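Undergrad: One structure, as C-alpha cells, below. Some questions next.
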Amino acid sequence: MPETAVEVAKERATAKKTLIGQRIPKLDGPEKARGLARYMEDLKLPRMLYGKILFASRPHARIVSIDTSAARALRGVRAVLTAADIELVPFGFGRDNTALKKDKVTCVRDEVAAVAADTPQIAAEAVQRISVTYEDLPVVTSTEEALAAGAPIIHAHVPDNTPFRYDYSHGDVAQGLRESAVIVEDTYCLQRQAHCCLGTSGIIASFDADGRLTLYSVTQVPFLYKHDLAAVVGLPPEMIRVIQPPIGGGFGSKLDIHPFEPICVFLARATARPVRLVFSRDEEFRATPTRQPMVIHLKSGARQDGTFTFRDVHMTLDNGGHTSWGATTPWVSMRTFSSLYRVPHVRQHVDVIYTNNIYACAFRGYGNPQATFALESQVDRLAEELGMDPLAIRLKNAHEPGETTAQGMVLSTCGLKECLETAAGAAGWKQKRSAFSGQRSASNRQSPIVRGIGMAALFHVGGGAKIYRSDGCGTILKLDDFGGVTILTGSSEIGQGSETVIAQIVAEELGLPIKNIRVVNNDTDLTPWDVGVHASRTTFIAGNSALRAAREARRKLLGAAAARLKRDPAELDLSAGNVVDRSSGQPLESIGKIIRGLHFGRVKNELIMTTEFYEPPSSPPDEQHRGNISPCYAFGTHVAEVEVDLETGVVKVLRITAAHDVGRVINRLGIEGQVEGGIAQGIGYCLLEELKLDGGRILNPTFTDYKLCTTTDLPELDVSFVETHDPAGPFGAKGIGESPMIPVAAAIANAVYNATGVRFTELPLTPERVLNKLKEARGLGD
Amino acid sequence: MPNVPEKVELAFTVNGEAVRLAVAPGATLLEVLREDLELTGSKYGCGEGECGACAVLLDGQVVNSCLVLALECAGSQVLTIEGLSPTGQLHPIQQAFVEHGAIQCGFCTPGMIMATYALLEANPAPTEDDVKRALEGNLCRCTGYRKIVDAVLSLAQGGARHA
C-alpha cells in the first residue's frame, strides 16, 4: 500500500468518532420530561394500604403509656403498632435506634406508633387518635449541656454522652508550632443543612405468598440495605428483594436505613397486605436526618516562606438523639485536614456527643464541606499574615502527582496546581484581587455595594472509599441477536446520570450506537452486588466494571468475526454497529450478523454473555485511619466573586469559576450538570440554608422558611475540566459527584472577606449575620 | 369513619378531554389529577405552593395545583404535563429539556416544563431575566438551574441567547 494511503487510513482510524467526552442526553430524559417516570408516590399495588407514623414531637421524655384504642376503633384502620407489638432490633452505626421507641424518646422525630389504613386520610386521622402519656425529661440542647457535670444521660449505655471519639495524627504538632513563623486559630460553626430532595422519602413493603418481601425503595445502597434491614425485620436477607423506582434525589440522604422503612415492613406483616408509606414535605423535614453540624476548632501555621507547618484540629459533633452516618463524617474531614496540601504535622481529635436534637446522616461531601470551610478560610488567613497572595500560598503547598500523602493516600494523578491556575486564570484573579482590595480604602466611596473575590480548593476521593472489605461492583452483560445489549449493573441511579455514563462506556467499547444499550440498575433479584451510590464512586467503579464486561464481549465478538471473515482479530475493529477493517475503517459485516452466526451456527451454538466483578485497587484504612482508601483522588478549585451590600448585609454571588480534575470527561453534559448542581447546593449552604432548632424542636420545616436557591440566585458560571487521565479510571475518568459542593462556601466566605475585611466563621451568611458582624467590626474599628 | 362530607360533582376539561367525576369538597386539583385521573406526571413536592412540582395550566395560567381546590376548576380547561405530548412525540419544550441536560432526578421536571409552557405562551421571546423570574417558583435540587434556563432560552423566538 502506498505510504500516503497508509497515512490516510491511520488518520481515519484515529478520527473514529468516540463517544467519550461527548454531550449525551440522559437516557431516561424523555420519560421524565413526559411525566411518565413512576416515582414512589406514583406507585400503587392492588389492595395496598397507606402507612403513617406518629412522631414524638418532644425532645426527651419517658413514654408512660400509649392508648391506641380510639385509633383501632376507626373504620378502615387495619393495623396500629407500637414498640410493644414488634421485636426491637437496634440498628444504625451506633446501634442506638429502633424502628419504634419503647421506653423513652430522645429527639422530636422519634417514631412512637404507626398505622396502616385504607386511605391516607384515615391513616392521618388514626394517628391523631393515638394518645401517648409522656413524662418529660430535662432536654439537652447542646453539646456543652451534654458534657456539663450532672447532665442527663441520653442513652444509658453511654453515661458520658460521648459515644465516639476519633484521633488521627502524623508528625508532631509541637514541633510544627516551633517551626511556624505565623500561627492562626479560629472556631468554625457549621449548621444543619437539609437534603431537600424534591421527591420525598417513601417505601412500599409487600410480602409474596412464599413469605418473600419485596420492597419498592428509594435507597441508594440496595445491597447493604437488604442485609441491614433483614436483621431489623427478622428475615433472612435472601428473602428480600429491593426494587428502586426512579428516585427524586438522594445526595446521601438514602444511604442508611431509616425507621420508617422497617416500620412499613412491620405494617405489611401485620396486615398481610402491601403498605405504602410516603412522607409529606413536613415529615421529610422533620424525620429525615440532615448534614452533620460541626464545631471545628482549627489552629494552623506556616513558615515565613509560606510552607505549611502544622494543623491542630478539634471537632465537636452534635450527634442528636440517635446515630446515623453523620457520626462518621469526621473520617472524611480528617483526610482533608491531613492531605489538602502538604503539611508535616497534623493532629485531629473528634468528640461525637449525644444531645436531644435531631440527628444527621450522609450528605454530598460527607464532612468535607465543613472541613474545607475551616481549612480554606484559614489558608487565606495564613497568606494574609505572611503578605502572600492566596493563590501563591496554595500553589506552594500543593501536592504533585505521584506523591503519597501523610495519611497514606497515593496520588496516582493530581491536577491540583492546574486547577488552581486554571480557575484563577479564567476568573481574572490577579486583576480583580487588586482592584477589589483597593475599594475598601477608597474614602470617596458612594455606593454601599462592595465586591470581593476569593478562592478555595478541594481534595476528595475520586473512586469510592473502601470502608467495607469490598468496594466493588458487579456487571452482567448480554448481547441479543441483533446487536442490542442489556447491562445489569449493581450501581444505583439517583438522578446523577450513571445509566447514561455506563451505556456510553459500553457503546464505545462495542462500537454500537448508544440507543442499543439498555441499563438495568434497580432490582436486587437481577443485578449483581454493589456497595451503593456514595463516595463519588459510580463512574469509576461501576464504569470500570461495565468496561471490563464490555471488553470481554468485544473479544468474543472480534474472535467470532475473525473466524467468519478468515481474518486476524487484530486487524478488526467495531464501529457504528459493524465489524470493520481496523486500518481502513471499512465495514465488513454487521455486528448483529456476527452474533446470529454464532448463535445459529452450523457446528456449534453460542451466546455472548459476560460478567465482571470489579474490585478497585484500594485498601480499607488501618486503625490509625491511614491507608489508600480510594484508587484515585479528585481535586478542584473554585473562585467566587461576590457583591456585599454593607447597608443590608445581603451577599450576592456574581460568578463562580470552577476547575475540576476529573481524570477524563465521559459525558460532558452530565458532568457539567453535576458541577452546576453542586455549586447551587454550595451557595445554598453558604448563604441560605439552615434547619433551625430551638429546645430540640424544628423551627422551619417548610420551603417557606427553609430557603433553597432559586433561578434568581444563579450566578454566572464558568466550569473547566482538568483531564489528568487517571491510569486506573475507565478511559481515565475519576468521580465527580461530591467535589463541586465541597469548596463553594469557603470560596464565597473568602470573597466576602476580600470585599469587607470581615471574616465569617459561622454559616450561613444570612443578611442578619453579615450585618451584625459588619456593625460589630465597624464599632471596634472606629 | 371520620366525618367525610358528601362528594360533589365536578365537570371540567383536562388535556382537551371532557371529564365528569365526583370529588370531595376539600380535594385539591393535584389530588384529583393524581388519584382520580391517574395523571401522576404532576408531582407532590410540598403541598404548600412553594416548590412548583405540581404546576399545571388552569385556563392558560400556570398554577400550583396543590393550592387549587378541584371544585374551583368547574368548567375550566386544565393542561398537565401529559397533555403536552398526546401522540407520544416530545413537545419542543420537553425535547429542549432532554437535549440541554436540564433533567437529573426529574422530579421537578414536569412542573418546570409547565411553567416554561406558560412563559412562552405569554412571551415567546423571553430574555434570561424573564426566564429566571418565570421559573423562580420552581425548585430544583439537582441541576443548579443553569441547564434549565439554557433549555428555555433555546426556545426563545428570534434565536437563543445562550449564556
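Undergrad: Identify all residues within the range A:479-504 that are among the hydrophobic types (A, V, I, L, M, F, W, C) and under 18 Å from A:Gly673 (Cβ atoms); write none if there are none.
TA: A:Ile494, A:Val501, A:Ile502, A:Ala503
Undergrad: Would you call A:Phe373 over 30 Å from A:Lys692 (Cβ atoms) and either in contact (Cβ under 8 Å) with a residue 40 or more places away in the chain or crowded, with 23+ Cβ neighbours inside 10 Å (or both)?
TA: Answer is no for this residue.
Undergrad: Still on this structure, please answer the following. Being closer than 15 Å to A:Ser545 by Cβ and hydrophobic (A, V, I, L, M, F, W, C) is the filter; apply it to the range A:498-509 and report the residue that is farthest from the chain's Cα centre (by Cα).
TA: A:Val506
Undergrad: Could you grab me the full set of residues in the range B:114-132 that are surrounded by 19 or more Cβ atoms within 10 Å (Cβ to Cβ) and outside any helix (DSSP H, G or I)?
TA: B:Pro126
Undergrad: Filter the range A:129-176 down to the residues that are surrounded by 13 or more Cβ atoms within 10 Å (Cβ to Cβ) and of a type in the set (Lys, Arg) and list them by number.
TA: A:Arg129
Undergrad: Could you tell me whether the range A:404-418 includes any residue that is in contact with a strand residue (DSSP E or B) (Cβ under 8 Å, 6 or more places away or on another chain) and either acidic (Asp, Glu) or outside the structural domain of A:Thr761 (by TED's automatic domain parsing) (or both)?
TA: Yes, the range A:404-418 contains at least one residue that is in contact with a strand residue (DSSP E or B) (Cβ under 8 Å, 6 or more places away or on another chain) and either acidic (Asp, Glu) or outside the structural domain of A:Thr761 (by TED's automatic domain parsing) (or both).
Undergrad: When only residues in the range A:360-370 that are of a type outside the set (Phe, Trp, Tyr) and closer than 16 Å to A:Gln348 by Cβ count, which is surrounded by the fewest Cβ atoms within 10 Å (Cβ to Cβ)?
TA: Result: A:Asn368.
Here's the yes/no breakdown for (1) in contact (Cβ under 8 Å) with a residue 24 or more places away in the chain; (2) within 30 Å of B:Cys46 (Cβ to Cβ); (3) over 30 Å from the mean Cα position of the chain (by Cα):
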{"site": "A:Ala205", "(1), (2), (3)": "yes, yes, no"}
{"site": "A:Ala209", "(1), (2), (3)": "no, no, yes"}
{"site": "A:Thr219", "(1), (2), (3)": "yes, yes, no"}
{"site": "A:Phe223", "(1), (2), (3)": "yes, no, no"}
{"site": "A:Glu238", "(1), (2), (3)": "no, no, no"}
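Undergrad: A follow-up question, please. If I filter the range B:26-40 for residues that are in contact with a Lys or Arg (Cβ under 9 Å, 6 or more places away or on another chain), within 18 Å of A:Arg281 (Cβ to Cβ) and not aliphatic (A, V, I, L, M), do I get at least one hit?
TA: yes
Undergrad: Here's something else I'd like to know. So is B:Ala55 assigned by TED's automatic domain parsing to the domain that holds B:Ile148 and closer than 22 Å to B:Val149 by Cβ or not?
TA: no
Undergrad: Is it fair to say A:Glu589 is farther than 24 Å from A:Arg664 by Cβ and either crowded, with 21+ Cβ neighbours inside 10 Å or touching a residue at least 24 places away in the same chain (Cβ under 8 Å) (or both)?
TA: yes
Undergrad: Taking the condition surrounded by 19 or more Cβ atoms within 10 Å (Cβ to Cβ) and at pLDDT 95 or above, does A:Pro401 pass?
TA: The answer is no for A:Pro401.
Undergrad: Another question, then. Does B:Leu37 meet the test of being under 15 Å from the mean Cα position of the chain (by Cα), of a type outside the set (Ser, Thr, Tyr) and farther than 16 Å from B:Val149 by Cβ?
TA: Considered against the rule, which asks whether it is under 15 Å from the mean Cα position of the chain (by Cα), of a type outside the set (Ser, Thr, Tyr) and farther than 16 Å from B:Val149 by Cβ, B:Leu37 comes out as no.
Undergrad: Ok, one more. Considering only residues that are closer than 18 Å to A:Leu512 by Cα and among the acidic types (Asp, Glu), which ones fall in the range A:566-580?
TA: A:Asp573
Undergrad: Since B:Ala24 meets every condition but one in (1) surrounded by 21 or more Cβ atoms within 10 Å (Cβ to Cβ); (2) farther than 17 Å from A:Leu198 by Cα; (3) within 13 Å of chain A (Cβ to nearest Cβ), which condition does it not meet?
TA: Of (1) surrounded by 21 or more Cβ atoms within 10 Å (Cβ to Cβ); (2) farther than 17 Å from A:Leu198 by Cα; (3) within 13 Å of chain A (Cβ to nearest Cβ), only one is false for B:Ala24: (1).
Undergrad: Still on this model: Considering B:Gly111, B:Gly83, B:Gly52, which residue is touching a residue at least 60 places away in the same chain (Cβ under 8 Å), within 11 Å of another protein chain (Cβ to nearest Cβ) and outside any helix (DSSP H, G or I)?
TA: So the residue among B:Gly111, B:Gly83, B:Gly52 that is touching a residue at least 60 places away in the same chain (Cβ under 8 Å), within 11 Å of another protein chain (Cβ to nearest Cβ) and outside any helix (DSSP H, G or I) is B:Gly52.
Undergrad: For the range B:38-52, give me each residue that is within 17 Å of A:Pro120 (Cα to Cα) and crowded, with 16+ Cβ neighbours inside 10 Å.
TA: B:Thr40, B:Lys43, B:Tyr44, B:Gly45, B:Cys46, B:Gly47
Undergrad: Additional query: Which of the residues belonging to the range B:62-80 are within 15 Å of the chain's Cα centre (by Cα), away from chain A (no Cβ under 12 Å) and among the hydroxyl-bearing types (Ser, Thr, Tyr)?
TA: B:Ser65
Undergrad: Of the residues A:Ile247, A:Ile263, only one is out of contact with any His (no Cβ under 9 Å at 6 or more places or on another chain), of a type in the set (A, V, I, L, M) and away from chain B (no Cβ under 13 Å); which?
TA: Matching residue, one of A:Ile247, A:Ile263: A:Ile263.
Undergrad: Select, from A:Ile494, A:Ile476, A:Ile514, the only residue that is crowded, with 23+ Cβ neighbours inside 10 Å, touching a residue at least 12 places away in the same chain (Cβ under 8 Å), assigned by TED's automatic domain parsing to the domain that holds A:Gly601 and among the hydrophobic types (A, V, I, L, M, F, W, C).
TA: None of the others qualify; the one that does is A:Ile494.
Undergrad: Another one. Within the range A:85-110, work out how many residues are part of a loop (DSSP other than H, G, I, E, B) and within 23 Å of A:Pro701 (Cα to Cα).
TA: Going through the range A:85-110 one residue at a time, the tally reaches 8.
Undergrad: If you don't mind, there's one more thing I want to ask. Does A:Ala507 satisfy being out of contact with any Cys (no Cβ under 8 Å at 6 or more places or on another chain), assigned to a helix (DSSP H, G or I), surrounded by fewer than 24 Cβ atoms within 10 Å (Cβ to Cβ) and not assigned by TED's automatic domain parsing to the domain that holds A:His460?
TA: When the stated conditions are applied, A:Ala507 passes them.
Undergrad: Can you tell me which residue in the range A:184-216 is farthest from the other protein chains (Cβ to nearest Cβ), limited to those that are surrounded by fewer than 17 Cβ atoms within 10 Å (Cβ to Cβ) and part of a strand (DSSP E or B)?
TA: A:Glu185
Undergrad: Here is a further query. Quick one: in the range A:662-703, of everything that is touching a Gly at 6+ places or on another chain (Cβ under 9 Å) and part of a loop (DSSP other than H, G, I, E, B), which residue is nearest to A:Ala61 (Cα to Cα)?
TA: Ranking the qualifying residues of the range A:662-703, first place goes to A:Gly696.
Undergrad: Would you check if A:Val744 is within 14 Å of chain B (Cβ to nearest Cβ) and crowded, with 17+ Cβ neighbours inside 10 Å?
TA: When the stated conditions are applied, A:Val744 passes them.
Undergrad: Surrounded by 14 or more Cβ atoms within 10 Å (Cβ to Cβ), small (Gly, Ala, Ser) and over 30 Å from A:Arg347 (Cα atoms): is that true of A:Ala570 in this structure?
TA: In short, no.
Undergrad: Same structure, new question: Tell me which residues, restricted to the range A:704-730, are part of a strand (DSSP E or B) and in contact with a Leu (Cβ under 8 Å, 6 or more places away or on another chain).
TA: A:Glu716
Undergrad: Of all residues being in a loop (DSSP other than H, G, I, E, B) and over 16 Å from the mean Cα position of the chain (by Cα) in the range B:90-101, which is farthest from the other protein chains (Cβ to nearest Cβ)? Just the residue, please.
TA: Per the criteria, the residue is B:His100.
The values are calculated or read from the model by the stated rules, or taken from the named source; none is laboratory data. It should be emphasised that the depicted structure is a prediction, and the values quoted were computed from it without experimental measurement. Don't worry about glycine lacking a Cβ; one is built from the backbone with ideal geometry, like all the others, and counts go over all protein chains shown.
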